[in-house]
Amino acid sequence: MSKVYARRASLAAGSAAALLCTFVLGGGTAEAAPPTPPSAATARTYLADIKEQAEGSQDGYSRDKFPHWSDQGDNCNTREVVLKRDGENVETDGSCAATSGSWTSPYDGATWTQTSDVDIDHVVPLSEAWKSGAADWTTARREQLANDLTHSQLLAVTDNVNQSKGDQDPAEWLPPKTTYHCEYARMWVWVKHEYGMTADSAEKAALKKILDGC
């Protein structure tokens with residue numbers, strides 16, 4: 001593990017711990033929102049820094065190689081922390097499972113009151129990450145991406161909208177809510193830049209078009 005990565009992992013762990021105190025130990029109303037991505041101008045700079053490269057092979061990919069919904073302490077896993085963070089008036093039981101609350105999906109603007117209607121989306125899908133460099137990462141680094149509470153990688157969204165996205169990049173899929181495209185592009189670029197992932201030519205062109213219009 002490089003010194004830079006070790007420092008980033010340490011910072012991420014510290015931030016996640018701070019978030020957990022806010023979300024789990026706080027009251028029923030959401031105490032925070034997902035991390036705010038960089039401005040469009042900064043995202044454009046980040047996008048230029050991202051190496052343009054054709055997607056790698058899907059061979060060897062498995063979600064199990066990205067350990068997700070890791071333990072965040074106090075009986076809570078990452079999914080439960082995000083549900084608490086992104087919801088309103090969320091109440092949880094002793095095992096940290098959400099028993100009530102409401103969630104408004106930024107992808108389509110729909111509001112739900114049952115967690116069964118909500119997925120936690122990896123903004124940069126794990127399969128996409130695998131093909132963009134993560135195939136060569138350590139398991140620990142892949143776990144960090146899959147549970148990242150510090151960057152804009154995890155969002156509570158409408159389940160069937162998330163399923164329609166699958167592992168597609170912004171050249172192939174964008175949220176139905178067009179007014180969210182700018183923020184989505186900023187989030188995507190932030191995560192890919194932070195983790196040193198690559199992007200193919202169509203993906204970069206689509207992101208540049210969105211960011212230029214922000």
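Computed from the coordinates by the stated procedures, all read-outs in this text should not be read as laboratory data. The structure presented is a predicted model; accordingly, all values stated were derived computationally and were not measured. Here the Cβ is made from the backbone with ideal geometry for all residues, glycine too, and neighbour counts use every protein chain on show.
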First select every other residue whose beta carbon is under 12 angstrom from the beta carbon of residue 104; then total the charges, Lys and Arg +1, Asp and Glu -1. -3
Under 11 Å, Cβ to Cβ, from residue 168 - net charge with Lys/Arg +1 and Asp/Glu -1: -4
Rh_Kirkwood(the stretch 65-214) over Cα pairs, Å, one decimal, evaluates to 16.0
Tally Lys/Arg at +1 and Asp/Glu at -1 over every other residue whose Cβ is under 10 Å from the Cβ of residue 188; what's the total? -2
Cα to Cα, under 28 Å, and not fewer than 8 places away if on the same chain: which lysines meet these conditions relative to residue 84? 65, 165, 177, 192
Straight-line reach only, C-alpha to C-alpha below 12 angstrom: list the aspartates and glutamates that residue 131 could link to, leaving out same-chain residues fewer than 8 apart. 55, 59, 167, 169, 200
Would you kindly derive the ³J(HN,Hα) couplings of the stretch 90-98 from the backbone phi angles with the Karplus curve 6.51 cos²θ - 1.76 cosθ + 1.60 (θ = phi - 60°), listing them in order in whole Hz, with x for Gly and Pro? 7, 10, 10, 8, x, 9, 6, 6, 5
Averaging over all projection directions, find the projected area of the Cα convex hull of the stretch 32-128 and quote it in nm² with one decimal place. 8.6
As a test of understanding, state the convex hull volume per residue of the stretch 126-180 from its alpha carbons, in Å³. 99
Given the alpha-carbon gyration tensor of the stretch 37-91, what are the semi-axes of its equivalent ellipsoid in whole angstrom, ordered largest first, with each equal to the square root of 5 times an eigenvalue? 31, 23, 9
Using amide H atoms built 1.01 Å from N in the peptide plane, name the residues 5+ places from residue 107, or on other chains, whose amide H lies under 5 Å from its own. 158
Output ordering of 129-141, 79-91 (per-residue mean of other Cβ within 10 Å, highest first) is 79-91, 129-141
